[in-house]
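Here's the structure, in structure tokens; my notes come after.
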């Protein structure tokens, strides 16, 4: 067992739960009890019964997010079940609170059936202002998310897809700024066709990328290739216009950008050497990347990012979801649409000022306190602009609230 | 609007949520993040995957309770829906924490269908150490509870039934001590055949009461009466041996004890006058009791209890559920069986010492700090004795833990 693993066991065994419930009102005498509970509590109940929207005024629904998993794809551990997924979900809830002031609660499901997952989440939705899907295997995650978005009037966000996509778009944006290339003109090779890279591809295409080729374990994905599920086929239709075939080693040749969300060591020094000048490499497989930064540099890469905190340019989802939900919740958004995701990405990229921007610093640190307010306000503004916000707030209100909520959480 | 109602609105609008999530671990640098979240968190996940019981050691499951409602019978307000039920459920969660150190979370369901409720609760059960059912209409509440108890290996407890029954048994026990009568010899008249009185009747019968007659809106319930649901029929079989018919006014004559869980003003002074000497009257309809204490006294009642905090002898469920769950959770009980409920009742009654016991003091105050440790330890001991506890603890450990957890919560 590594030191980190034994330290993690020690911490988890000591705390026996990384989160708890806290009462915000004191009930230390009969009067306080009568106001917070019966009989006084009947009055807010009556009012919400008459006007359902008041549930956002009298309860914590405005700030409750469910972190929902079926435990089928937890970290790199695979299908380990709902109980074994709990430490990750509690951890996610801790990050929601500490980095976004969001009250998140773990919902680990004793079912793997897509219908049952959808039904269960719909059934518990009245309590929550948003749903964060987590560690659900693909392609089930796509179907579950799609149906929940259609059927619920609160944001539903699969972080493994869109969170990763948002941070990657931020990183690519700043990296291209350094190398002086345009998104619409670069060749992008991606390896791994799971939830993350499918979402990354879609978001890059939405933002103007035109030359992308996505590889899975069988090599390049192209329209008409046999045996692909619907969501892969959908991506095939908008990428690889020249119907390139072959392995990643073929596909990566002359690419300006490589994005790996696949497995350890799948990219060699020679493969990086075959890329275009000023190559940008995001090798985010965790804990062992597709190629380590020093090797990638040996191959001539100018900018390298990984999923790890011990190297520069960490593609870390904690830069995204806390602020994305903070902003969505604050304007009571009905969903988190593409415009809001894009706004989050550019807000993250924009946190790095021109004077801070360099090859080792294309995405902010997870602990950069500018991130959450910037993301929350950008997301809230995009929500208001695209008509999915139920309430209006000024940019300053969102920023102040994000700062306050995060400060209060720590 | 009464002063209390406007005060309740003010409080709810100010706090916008009476509870929140709190992080118990600080994640203020990369190392802390790596231990509490990825990659370190993978190790507790792996271990739970190998041995599911470890979820109680590495996560907060040991202390999480779901407060589940479908919003069909909230307080006296009826079927107001899941959103309007939220203020009550959040209030319940606050009481769980402040009076029992239990981390309870509201689950307000967007379905009223018994099958769906059962399925949904089973699906979310991996996160929780116990399930508290709340404000579900009858007879559905009986079916839902029964099925969940059978199908889950964590405690499932419908507080409106059993919580009320436990406190009532405590009150009746101490009241009979004062008037010098025995439970096996008294006549008990009950009005209202909802969840509370059905559970009260069963618990009193289990503890030796032999002469009970339960009335509903059609009068006395007797075996073979037509149009009763299964759960009422079940109670009819163990009560009213002489098949007495007629209204409450008939049934209450010569009764030693009256227990009302029905509606406002349903008992008159004359009805109390018709009771036996040293009559005991528990009129717990809320907020307006079946008869007010001064009126009952006029009718000759010696001991009167209500559901209200502004009169002596409040039958208040907060005396029960926090300690019951505290004790059940501490020994990882698989269920809350009859023996545990009875133990809770006598523990509550026993908090009142002989020198404290009098007509105005048959149940402890909600704020009596002796209650939770006494109830928790009695419940835990009963669980261990009846073989439903998964871990063993000493009485002293349970008492100390209860004191510590409650203190920490406030």
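Matching residues to (1) within 26 Å of residue A:160 (Cβ to Cβ); (2) at pLDDT below 95; (3) surrounded by fewer than 23 Cβ atoms within 10 Å (Cβ to Cβ):
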{"site": "A:236", "(1), (2), (3)": "yes, no, yes"}
{"site": "A:265", "(1), (2), (3)": "yes, no, yes"}
{"site": "A:269", "(1), (2), (3)": "no, no, yes"}
{"site": "A:274", "(1), (2), (3)": "no, no, yes"}
{"site": "A:283", "(1), (2), (3)": "yes, no, no"}
{"site": "A:287", "(1), (2), (3)": "yes, yes, yes"}
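In the range B:392-410, the residues that are farther than 17 Å from residue A:23 by Cβ form no Cβ pair under 9 Å with any partner that is surrounded by fewer than 12 Cβ atoms within 10 Å (Cβ to Cβ), whether six or more places apart or across chains. Against the conditions (1) surrounded by fewer than 20 Cβ atoms within 10 Å (Cβ to Cβ); (2) in contact with a helix residue (DSSP H, G or I) (Cβ under 6 Å, 6 or more places away or on another chain); (3) more than 8 Å from chain B (Cβ to nearest Cβ), residue A:51 satisfies every one except (2). Of B:67, B:74, all but one fail to be crowded, with 23+ Cβ neighbours inside 10 Å, over 19 Å from residue A:97 (Cβ atoms) and out of contact with any strand residue (DSSP E or B) (no Cβ under 8 Å at 6 or more places or on another chain); the exception is B:74. Kindly indicate whether any position in the range B:87-95 is out of contact with any strand residue (DSSP E or B) (no Cβ under 7 Å at 6 or more places or on another chain), within 19 Å of residue A:106 (Cα to Cα), crowded, with 24+ Cβ neighbours inside 10 Å and modelled with pLDDT of 95 or more. Scanning the range B:87-95 turns up no residue that is out of contact with any strand residue (DSSP E or B) (no Cβ under 7 Å at 6 or more places or on another chain), within 19 Å of residue A:106 (Cα to Cα), crowded, with 24+ Cβ neighbours inside 10 Å and modelled with pLDDT of 95 or more.
Does residue A:63 qualify as being farther than 20 Å from residue A:406 by Cβ and touching a helix residue (DSSP H, G or I) at 6+ places or on another chain (Cβ under 8 Å)? No. Looking across A:348, A:352, one residue alone is away from every other protein chain (no Cβ under 14 Å) and either more than 19 Å from residue A:173 (Cβ to Cβ) or crowded, with 24+ Cβ neighbours inside 10 Å (or both). It is A:348. All conditions in (1) in contact with a helix residue (DSSP H, G or I) (Cβ under 7 Å, 6 or more places away or on another chain); (2) at pLDDT below 95 hold for residue A:33, with the sole exception of (1).
Of the residues contained in the range B:376-385, none is found to be within 19 Å of residue B:169 (Cβ to Cβ) and in a loop (DSSP other than H, G, I, E, B). Elements of the type helices (runs of 4 or more DSSP H) sitting completely within the range A:1-51 and holding at least 1 residues that are within 29 Å of residue A:94 (Cα to Cα): these cover A:3-15, A:30-36. Here residue B:175 passes the criteria (1) in contact with a helix residue (DSSP H, G or I) (Cβ under 9 Å, 6 or more places away or on another chain); (2) within 20 Å of residue B:318 (Cα to Cα) except the one numbered (1).
Can you tell me which residues in the range B:184-224 are part of a loop (DSSP other than H, G, I, E, B), at negative phi and surrounded by fewer than 18 Cβ atoms within 10 Å (Cβ to Cβ)? Within the range B:184-224, B:184, B:185, B:207, B:210, B:217, B:218, B:223 meet the criteria.
Would you mind stating whether residue A:310 is surrounded by fewer than 16 Cβ atoms within 10 Å (Cβ to Cβ), without any contact (Cβ under 8 Å) to a residue 40 or more places away in the chain and under 23 Å from the mean Cα position of the chain (by Cα)? Considered against the rule, which asks whether it is surrounded by fewer than 16 Cβ atoms within 10 Å (Cβ to Cβ), without any contact (Cβ under 8 Å) to a residue 40 or more places away in the chain and under 23 Å from the mean Cα position of the chain (by Cα), residue A:310 comes out as yes. With respect to the conditions (1) crowded, with 24+ Cβ neighbours inside 10 Å; (2) under 16 Å from the mean Cα position of the chain (by Cα), residue A:82 falls short on a single one, namely (2).
Which ones in the range A:385-410 are under 20 Å from residue A:153 (Cβ atoms), buried (at least 20 other Cβ atoms within 10 Å of the Cβ) and within 22 Å of the chain's Cα centre (by Cα)? Answer for the range A:385-410, where residues must be under 20 Å from residue A:153 (Cβ atoms), buried (at least 20 other Cβ atoms within 10 Å of the Cβ) and within 22 Å of the chain's Cα centre (by Cα): A:388, A:389.
The values are calculated or read from the model by the stated rules, or taken from the named source; none is laboratory data. Please read these numbers as outputs of a predicted model, since none were measured by experiment. A quick note on method: Cβ atoms are made from the backbone with ideal geometry, for glycine too, and the neighbour counts reach across all protein chains shown.
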